[in-house]
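The structure appears below as structure tokens.
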Amino acid sequence: MQGWDCQLAESRFGDAGRQGKWEIDPEPWNVIKGLIAACWAGQGRPSEWQTVINAYADVKDHPSGSCKYAAAFQVLEQLALFLMEHPDGKVEFRDAPQGSTACESEIKEYSSLEVPQGGKFWVRGTWPVPVSLYFNGIKAPFQDGDPSVRCCHGAVLSVDAPNDLPLGEAKVSLRGEDGSFYLEGPSVQVLPPAPQP
């Protein structure tokens, strides 16, 4: 963990507190507080280990939640229990194994099982990298808006079906830009363009 990662996390944590988010849903924010403290402790501020233990004490009776919460809780719990059992122990951080994710990759929702040529289509779900959407291997252009928001937990990817997409059944898939990720989606029926008013 690099020092600037700790600073960025701490800054966003503080912003959330000023917006009142800590009070609305305290458990996830206490987990984040503990992980930020662990980040700083790993950067040479050993007094932060007590914050890790205190944050865990605040959430230990709340081990379940979203996939992101459960994964973060598990890390905090392992750190806190180790620190309590081995007060003079040494904690070393290393990168997670390649392909490790907190949440299962899946398409949870989509706009329809029918899409007209040139029509709008969207999917919502979770995947670990920015993706593009394909109909039978044909890449769909992004709708107007920021195409950089194509990743991660609760992502929504909105596209226009290509105007020349062949009619009939088309398999939807999501693919990472570097070819390292593939997720199969539903089969949809491609219809002629919707009539113009």
Q.
Suppose only helical runs count, i.e. DSSP H with n ≥ 4. What mean residue ellipticity at 222 nm does that imply for the chain under -39500 (n - 2.57) per run, divided by all residues and rounded to the nearest 500 deg cm²/dmol?
A. -11000 deg cm²/dmol
Q: Among Ile36, Ile107, Ile24, rank each residue by its count of other Cβ atoms within 10 Å, from fewest to most, as a rough exposure measure.
A: Ile24, Ile107, Ile36
Q. For the chain, what are the DSSP H helices with axial Cα length of 15 Å or more and mean Kyte-Doolittle hydropathy of at least -0.5?
A. 26-42, 48-59, 67-85
Q | q = 0.14 Å⁻¹, region 19-91: log10 I(q)/I(0) [Debye, one scatterer per Cα] | A | -0.40
Q) Under a 5 Å amide H to amide H cut-off, with H placed in plane at 1.01 Å, what residues pair with Tyr182 once short-range neighbours are removed? A) Gly176
Q. Quick one: net charge of Leu183's neighbours, Cβ under 11 Å, K/R +1, D/E -1?
A. -2
Q. Given Lys108/Lys171; Lys60/Lys108; Lys68/Lys139, which pairs have Cα atoms separated by over 25 Å?
A. Lys60/Lys108; Lys68/Lys139
Q. Normalised by the number of residues in region 106-191, what is the relative contact order in percent for Cα pairs under 8 Å and 6+ residues apart?
A. 35
Q. Which whole-number percent gives the relative contact order of the chain, counting Cα pairs below 8 Å spaced six or more residues apart?
A. 15
Q.
Of all beta bridges DSSP finds with both residues in the chain, what is the antiparallel percent, to the nearest 5?
A. 90
Q) If we restrict to alpha carbons, what Rg and Dmax does region 106-191 come to, in Å? A) 11.6, 32
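No value in this document is a laboratory result; all are computed from the given coordinates. Being a predicted model, the structure only gives us computed values, none of them experimental. Quick reminder, even Gly has a Cβ in these numbers, built from the backbone with ideal geometry, and neighbours come from all protein chains shown.
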